[in-house]
Amino acid sequence: MEKKDYQILLYYCYAKIDNPEEYREEHHLFCVENNMRGRIIISDEGLNGTASGLIEDCKKYMDYIHADLRFARTEFKIEGFDAHAFTKIHVRYKREIVHSALRHLDPNVKTGKHLEPEEFKRLKDHVDVVILDVRSNYEHELGHFKNAITLDIKNFRDFPDKVKSLEYLKNKKVLTYCTGGVKCEKASAFLLEQGFEDVYQLHGGIIKYGMEAGGEDFEGKCYVFDNRIAVEVNTVNPIMISTCHVCGTHSDRMVNCSNATCNAHLAICGECGWKMEGACSEACWENPEKRTYDGTGYYEKNTNGYNPYKALHPKKDKAEILTQ
């Protein structure tokens, strides 16, 4: 297999940060000075990020994380790639590392039992087991485990309300899963709080399952939060399950609707993409907010005033940083 020069890192760590705004600035500066790009969230409750860089820069970044005792146990899912998976670096402070409306739960105190990929694989087909996908609609519509229960949620913060519909599963072993594991920490903790007694989570999520267990019985592709958008997971018995939102043919080509006021994330095949100019419906095609479609269906996100150079090292200006 051809060796890749770059790596993509997926990770999270629930750990108390007393000075998150200050640490955000330090963390961001380290990323800039070591040519790391990605989307990283710093919160009072920990870290959550996907980042990319050259192999040597990624090693420096992982060493930097592990050198901090608060984050020494952080586990990185590492994938080789032939370029940066992001165009910029964004390190933001948010109240939660995943917006869940479950801020009172601390996974370090109570959470579902962690299952390594091979353990998950052995347990998932038992008669007293149910597999629960805790991700959003656009994610599980692209790909999910065979026979998994999926919930009609637009965002993870909708998860608590949907648990009411799962009362009938309280006598089952519930195996939760998500992309990299971070959502399951809170989701499984909430299930336990609601009276579910036998709750597990796939440690490292779908990505680790693909790396270590071949992705068996994961149907479709896995949505990821970098410029790849969708990745293959299953090398054992892969199938495509997603369909084009416009014409209904099988397609795993994920795009954002070109109508900025819609911006729905869904599968649209290449032919329909050009025919509809990236729009997901006639109404969106006619909308004056429709953006110029270039065949990718990807549009630079609104940074909402985020300034990546704010509070950087005072001895360096923007020009110096950009040349590093």
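The values are calculated or read from the model by the stated rules, or taken from the named source; none is laboratory data. A quick note: this is a predicted structure, and the numbers were derived from the prediction, not measured. When we count neighbours, we look across all protein chains shown, and the Cβ atoms used for this are built from the backbone with ideal geometry, even at glycine. When the accessible area is computed, the model is the full protein with side chains, heavy atoms only, and any ligands, DNA or RNA have been set aside. Shrake-Rupley method; radii C 1.70, N 1.55, O 1.52, S 1.80 Å.
Below are the figures for this structure:
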item: Rounded accessible area of residue 221 (nearest 10 Å², 1.4 Å probe); result: 40 Å²
item: Fluctuation leader among 296, 243, 179 - the chain, Gaussian network, Cα springs under 10 angstrom; result: 296
item: Rounded, prolate or oblate (a/c below 1.5 giving rounded, otherwise prolate when a/b exceeds b/c) for segment 209-308 by Cα gyration tensor; result: oblate
item: Set of segment 60-85 residues, backbone N closer than 12 Å to the point 7 Å along the Cα-Cβ line of residue 211; result: 75-81
item: Accessible area in the full protein assembly, largest first, 1.4 Å probe, for 10, 69, 175; result: 69, 10, 175
item: Pairwise centroid distance, computed over Cα atoms, of segment 177-240 with segment 121-148, Å; result: 8 Å
item: The chain: antiparallel DSSP beta bridges as a percent of all, rounded to 5; result: 65 percent
item: Surface accessible to a 1.4 Å probe, residue 239 within the full protein complex, Å²; result: 90 Å²
item: Cα pair distances in the chain, grouped into 20 Å bins until the bin that holds the longest one, percent each; result: 29, 59, 12, 0
item: The chain, accessible surface, carbon-and-sulfur percent (1.4 angstrom probe); result: 49 percent
item: R0 of 30 Å, Cβ-Cβ distance residue 271-residue 119: FRET efficiency to nearest 0.05; result: 0.10
item: Helix-only CD estimate at 222 nm, as mean residue ellipticity for the chain, using -39500 (n - 2.57) per DSSP H run (n ≥ 4); result: -7000 deg cm²/dmol
item: Percent RCO, i.e. relative contact order, over the chain, from Cα pairs under 8 Å lying at least 6 residues apart; result: 14 percent
item: Highest-MSF residue in the chain out of 52, 188, 165 [GNM, Cα springs under 10 Å]; result: 165
item: Taking N as its residue count, the alpha carbon Rg of segment 263-302 over 2.2 N^0.38 Å; result: 1.06
item: Residue 294 - accessible surface, heavy atoms, 1.4 Å probe, Å² rounded to 10; result: 90 Å²
item: Spacing of the two label points (7 Å from each Cα toward its C-beta) at residue 239 and residue 296, in nm; result: 3.3 nm
item: Pairwise label distance in nanometres, residue 171 with residue 260, each label 7 Å out on the Cα-Cβ vector; result: 5.5 nm
item: Prolate/oblate/rounded call for segment 23-98, Cα gyration tensor, a/c under 1.5 rounded; result: prolate
item: Kirkwood Rh (inverse of mean 1/r, distinct Cα pairs), segment 128-242, angstrom; result: 14.2 Å
item: FRET efficiency for residue 72 and residue 16, using Cβ-Cβ distance with R0 set to 22 Å, rounded to 0.05; result: 0.95
item: Whether segment 36-163 is rounded, prolate or oblate, judged on the alpha carbon gyration tensor where a/c under 1.5 counts as rounded; result: prolate
item: Net length gained if the chain between residue 162 and residue 228 were fully extended (0.36 nm per residue, minus Cα distance); result: 20.8 nm
item: Overall dimensions of segment 1-67 by Cα: Rg and Dmax, Å; result: 12.4, 44
item: Per residue, in Å², the accessible surface of the chain once ligands and nucleic acids are set aside, probe 1.4 Å; result: 49 Å²
